[in-house]
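This report concerns only the one structure given below.
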Amino acid sequence: MMAFACALGACQSTAGKHDIATASKTTSQSEAASGSWLDPRKYDDVRVTAPMKPRFTETTVHLVTKLITKCIDAKGEAARDACFRERLLAGFDSEGIASQHCPVGSTLNEQYLCIVLGSYSYEFVRTIGDEKDPQIDWADPERTMKQALIEFVTQRLKACLGGYSASDPTDCITAAITKQLGLTESDIEPCKSLAADDDFNKCVGEAYGLNFMDAGIARM
């Protein structure tokens, strides 16, 4: 999920450090007319596994396009920022929780990270941990996700080492994660070209993240 923030200028890139507010202002004024944000090369420096890079670029372009087209008529910076917040909440805060934790007065960069990454963390932990109302550290949602994943893997590892589901514990755990996240064979098919376990698992995680982003963009 941080990869999307990087692609939108919210973290360090090869071109330097930018925030979403600056990137969005520039895009809305100049790139909107030229359509340069549609150029896939704009996102070449973002680190995503090779099999997921085409889909990641497509989804990122779709996200930026949706934000720009929905808010292009906003008059002034304050109105534009308010529109971006409204659209992000409409797309990703399906439970109405992010709006309670993400202050209106924050920078657009901070709001994006809080609304999208926080909502993603909430949904991920609820899914992977079978929790109806998970408690998320909104100041550090990635830490919450990592902890939930460690707990899930630890629980499943005991069952996998016990000999059920698969002879290889790694394959067993991967299959358990894939099933728990509701991923289909077509979702993870691009990942099967990766030999390294870590790269494959990262690719599977990206597939889940892209599904989350696609669903949110559709609601924006």
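Bear in mind that the values in this text are calculations on the coordinates, not laboratory data. Small disclaimer: the values here were computed from a predicted structure and weren't measured. Cβ placement follows ideal geometry from the backbone for every residue including glycine, while neighbour counts extend to all protein chains displayed.
Extending 7 Å from the Cα toward the beta-carbon at both Thr65 and Ser94 defines two label points whose distance is 2.3 nm.
Given their separation in residues at 0.36 nm each and the Cα-Cα distance between them, Lys158 and Arg126 gain 9.4 nm when the chain is fully extended. What spacing in nm lies between the two simple spin-label points modelled at Thr184 and Asp199, each 7 Å away from Cα in the Cβ direction? The answer from the label model is 2.7 nm. As a length-normalised measure over Cα pairs under 8 Å and 6 or more apart, the relative contact order of segment 60-132 settles at 23 percent. In terms of its C-alpha gyration tensor, segment 111-220 comes out oblate, because a/c is 1.5 or above while a/b does not outweigh b/c.
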